[in-house]
Amino acid sequence: MSLTLRQKTIAEKLEKGFDIKKWQDWKWQIRNSIRTIEQLESIAGLEFTPEERVQLEKTIDKFPMSITPYYLSLINIDDFRNDPVYLQAVPRASELIMNEGDMSDPLSEDKDSPVPFLTHRYPDRVLFHVSNLCSMYCRHCTRKIKVGDKDSIPSFEQLQPAIQYIKENEQIRDVLLSGGDPLMLDDDKLEQLLSAIREIPHVEIIRIGSRMPVVLPYRITDKLVKIINKYHPVFLNTHFNHPRELSSISREALAKLADGGIVLGNQSVLLAGVNDCPRIIKRLCQKLLISRVRPYYLYQCDLSEGLTHFRTPVGKGIEIMESLIGHTSGLAVPTYVIDAPGGGGKIPVMPNYLISWSTNKVILRNYEGVITTYKEPDSYETTFCDRNCDTCNLQLNLTIDESNAPIGVQMLLSDEDRTISLTPADNKRMIRRH
Ligand SMILES: *Cc1c(COP(=O)(O)O)cnc(C)c1O
């Protein structure tokens, strides 16, 4: 794959007598990442006013910058202040504006961490922070307060307690390698980790969350794919936010992964000024499918410090979902989620399609505004479920497992549990009763 003129210019400025082999080497890209304002001016040819320069320096002091030469090369310098790549990669003074309600750990990932490097929030899956490093520091990072903090990759020994925890908790059937970016690990280290996790019998699937296909597609080498391919089923979720990011090099990386049998998904974040437009998200999702990437989540921007200028109202997300559902392939429609502050996890948000309801009919509306009735069955025999598959004819044959007892609203709906309401622990009326 040949380089664009822009890439050649940047490459030549980074290293005289440049050769393409180096540019395509992911470690060269990381070594040559852009970390200062002077480099933005001298290498990328961006021009700032003196005031802007002062502001940017101040911002970088609090939230560091790092941009791979490749990702930098995607910026359209003629209109860089509105460029979606620029806006995700280059700091803005507005990052220093603190808002009431901003939090340093809005998702309470630290509180839900039973051992270092692991977040165990949901019953059957864990988030495994195997690297504190990223090849590019996204300006909208939800963990941006930690970026550049302990800028390191934990050793395999340091990860042992987490691996032990997964071994000891048999309900964990899904391990999500996250970070930082797990693909910052060397091939050998990654393989060591994948193989240790794959050895645990109750781990059914492994997931990798990585932005490498977007910001450093050269990381996706044939060797990497070969390694991952040995530990299937492996899923990889990446993070495209704008159709402009799907360069030919990125698409080639995605094709390699897909050819390696790795199931690809995408998690976008809704960002003001970058992709808060129904048509941008629709085109992005359609183009992802062409590269065999299934749109998975569309995130409402978190309440982390320094993200104020990126946040949109929730209504923008609902408007986008309205413009997708029915209007394009169901495969192109992600789930719009708000990650609940305080550690409540991801909560899906959707336009309403169920308009009304009686004892034997539901009234629905579709994407065109057609209002329709669905007549419910006259006779439906409910089966009482006591979670004892031996007495049920649905042929599931699971053994009763108390660790999987129903919780939350699911529990209120269940047959066997007698709970009739969920009440907050500090409910005054209940406290009076005691
Ligand atoms: C997002 C997330 C997961 C995975 O959630 P899915 O909905 O299964 O993709 C797991 N653990 C934590 C802490 C998360 O934030």
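The values are calculated or read from the model by the stated rules, or taken from the named source; none is laboratory data. Everything numeric in this text was worked out from a predicted model, so none of it was measured. Note that each Cβ is placed from the backbone with ideal geometry, even for glycine, and that neighbours are counted across all protein chains shown. Surface areas here come from the heavy atoms of the whole protein model, side chains and all, with no ligands, DNA or RNA. Shrake-Rupley method; radii C 1.70, N 1.55, O 1.52, S 1.80 Å.
General observations
- On Cα atoms only, tilt of 314-324 relative to the major axis of the chain in degrees: 90 degrees
- C-alpha long axis of helix 5-14 to longest principal axis of the chain, angle in °: 70 degrees
- Contour minus Cα-Cα distance for ILE290 and ALA340 (0.36 nm per residue): 14.8 nm
- For the chain, the longest principal axis of the Cα atoms and the long axis of helix 50-62 meet at an angle of about 50 degrees.
- Summarising the strand pairing of the chain, around 35 percent of its internal DSSP beta bridges are antiparallel.
- Cα principal axis extents for the stretch 118-348, largest first, Å: 46, 39, 33
- With contributions of -39500 (n - 2.57) from each DSSP H run of at least four residues, the per-residue ellipticity at 222 nm computed over the chain stands at -8000 deg cm²/dmol.
- Directionally averaged projected area (convex hull, Cα atoms, the chain), nm²: 26.1 nm²
- Treating r as the C-beta distance of ASP188 and LYS8 and R0 as 30 Å, the FRET efficiency rounds to 0.40.
- Overall, the accessible surface of the chain at a probe of 1.4 angstrom is composed of carbon and sulfur to the extent of 54 percent.
- Applying 0.36 nm per residue to the separation of ASN397 and THR221 and subtracting their alpha-carbon distance, the gain on full extension is 59.0 nm.
- Rg ratio for the stretch 72-181: its Cα radius of gyration over 2.2 N^0.38 Å, N being its residue count, equals 1.31.
- A simple charge model with +1 on the Cβ of Lys and Arg, -1 on the Cβ of Asp and Glu and nothing else charged puts the dipole of the chain at about 840 debye relative to its Cα centre.
- Where labels lie 7 Å past Cα in the beta-carbon direction, separation of SER421 and GLU168 in nm: 3.9 nm
- For the chain, the longest site-free run once GluC sites (Glu not before Pro) in DSSP loop states with at most 16 other Cβ atoms within 10 Å are removed: 205-367
- Between TYR380 and ALA258, the simple spin-label model (points 7 angstrom out along Cα→Cβ) gives 3.7 nm.
- Looking at the chain, the accessible area is 52 square angstrom per residue; that uses a 1.4 Å probe and ignores ligands, DNA and RNA.
- Pairwise FRET efficiency - ASP102 versus ASN360, Cβ, R0 = 30 Å, nearest 0.05: 0.05
- Listed residue (PHE63, THR49, ILE75) projecting farthest to the positive dipole end of the stretch 1-112, Cβ model: ILE75
- Positive-end extreme of charge dipole, the chain - chosen from TYR86, GLY306, LEU271 (charges on Cβ): TYR86
- Each Lys and Arg Cβ is given +1 and each Asp and Glu Cβ -1; about its Cα centre, the stretch 337-434 then shows a dipole of about 700 debye.
- Proximal lysines relative to LYS226, as straight alpha-carbon distance under 27 Å, when same-chain residues fewer than 8 apart are discounted: LYS21, LYS22, LYS27, LYS167, LYS189, LYS256, LYS287
- Calculated Rg and Dmax of the stretch 142-228 using C-alpha coordinates, Å: 13.7, 37
- Selection among TYR296, GLY209, GLY17 by position relative to the dipole of the chain gives GLY17 as farthest towards the positive end (Cβ unit charges, Cα centre).
- Rounded to the nearest 20, the size of the Cβ-charge dipole of the stretch 242-281 about its Cα centre is 80 debye, with Lys and Arg at +1 and Asp and Glu at -1.
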